[in-house]
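Below is one structure, written out as structure tokens; comments come after it.
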Amino acid sequence: LRVVSTADASLVQAIDDPHLRSGERAAFRFARFGRGTGNVLAGGSRVPAQQVLYTVLNSRGRAGGAYVVQWNTEGWQRIGTRFTGHSAITTFALSPSGRLLAFATASLQIGICDAHSLKVLMRVPAAHGFAITALAFDKDDRHLVSGSADETCQVFVLPEQWPTPVDLVLEFGQQHLQAIAVLLVLLLAVILAVAMR
């Protein structure tokens, strides 16, 4: 990967031998500079979003695997890595606000990540019938458009606010309240039976 100055075409940074933390060799597939406001938390420090370079690394090993990697462009340190799955990433997009990343895989899945934490927020399995070749967000981060070699396009409506882990736990609890109540009653019965012995 070569980062070149647009002012004078001089080499700013070169990363010649990309590898995963395990030491396995990988190949760069995409690179996008961060944008928007906010900070990426990296090892206890905050890195301005515009100072981050996002790259996609597809493993060259037998096991496969794809990763999204964050780089701090001030010192060119790797500050974040997210395993996205065992299937290679075929296309990649950063939203105009810089808050969301989207990726598509060779297994025809689309994923959306929080750009700052790299947490996967949503996955769409079997999004197309053939290789996904293009992804783009609208200007408000409310829609994601995908294009495929199967000559189709899809438009995904994205939530205004993504659920937090607490929201997911509460939703699960509401959906499974009866089963949770039965489990608690059984657990209480076991505890009482053991205490009475």
Self-check item: Amide H contacts of Ala134 (H built 1.01 Å from N, under 5 Å, at least 5 apart or other chain)
Solution: Gly147
Quiz item: Any idea what the relative contact order of the stretch 131-197 is, in percent, if you count C-alpha pairs under 8 Å spaced at least 6 apart?
Solution: 18
Self-check item: the stretch 24-41 - phi-based ³J(HN,Hα) in whole Hz, Karplus 6.51/-1.76/1.60, Gly and Pro as x
Solution: 5, 6, 9, 10, 5, 10, 9, 8, 9, 7, x, 8, x, 9, x, 10, 9, 7
Exercise. Give me the distance between the Cα centres of the stretch 129-194 and the stretch 23-54, rounded to whole Å.
Key: 26
Quiz item: At 222 nm, what helix-only mean residue ellipticity would the chain give, in deg cm²/dmol to the nearest 500, using -39500 (n - 2.57) for each DSSP H run of four or more?
Solution: -5000 deg cm²/dmol
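Label the stretch 30-162 by shape, choosing from rounded, prolate and oblate, from the square roots a ≥ b ≥ c of the eigenvalues of the Cα gyration tensor; if a/c is under 1.5 it is rounded, and otherwise prolate applies when a/b is larger than b/c, oblate when it is not. Walk me through the numbers before you get to the answer.
Numbers: a/c = 2.14, a/b = 1.32, b/c = 1.63.
Here the stretch 30-162 falls in the oblate category.
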Practice problem: With an 8 Å cut-off on Cα pairs and a minimum separation of 6 or more residues, tell me the relative contact order of the stretch 22-95 in percent. | Solution: 28
Exercise. For every other residue with a beta carbon closer than 10 angstrom to the beta carbon of Ser59, add +1 if it is Lys or Arg and -1 if Asp or Glu, then tell me the sum.
Key: +2
Quiz item: Roughly speaking, to the nearest percent, how much of the stretch 22-167's 1.4 Å accessible area is carbon and sulfur?
Solution: 52
Quiz item: P(r) for the stretch 1-72: what percent of alpha-carbon pairs falls in each 10 Å bin, starting at zero?
Solution: 18, 41, 34, 6, 0
Quiz item: Looking only at Cα atoms, what is the convex hull volume of the stretch 112-197 per residue, in Å³?
Solution: 164
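Please report, largest first and rounded to whole Å, the three semi-axes of the ellipsoid equivalent to the stretch 1-43, where each semi-axis is the square root of five times an eigenvalue of the C-alpha gyration tensor.
Working: eigenvalues 96, 76, 17 Å².
For the stretch 1-43, the semi-axes come out at 22, 20, 9 Å.
How high is the relative contact order of the stretch 1-146, given as a whole-number percent (alpha carbon pairs under 8 Å, six or more residues apart)?
Numbers: 342 pairs, mean separation 22.2, N = 146.
Taking the mean separation of contacting Cα pairs over the length of the stretch 1-146, I get 15 percent.
The values are calculated or read from the model by the stated rules, or taken from the named source; none is laboratory data. The shown structure was predicted, so the numbers you read here are calculated from the model rather than taken from an experiment. FYI the Cβ positions are ideal-geometry reconstructions off the backbone, even for glycines, and counts take in every protein chain you see. Areas reflect the complete protein model, heavy atoms only, side chains present, ligands, DNA and RNA absent. Shrake-Rupley method; radii C 1.70, N 1.55, O 1.52, S 1.80 Å.
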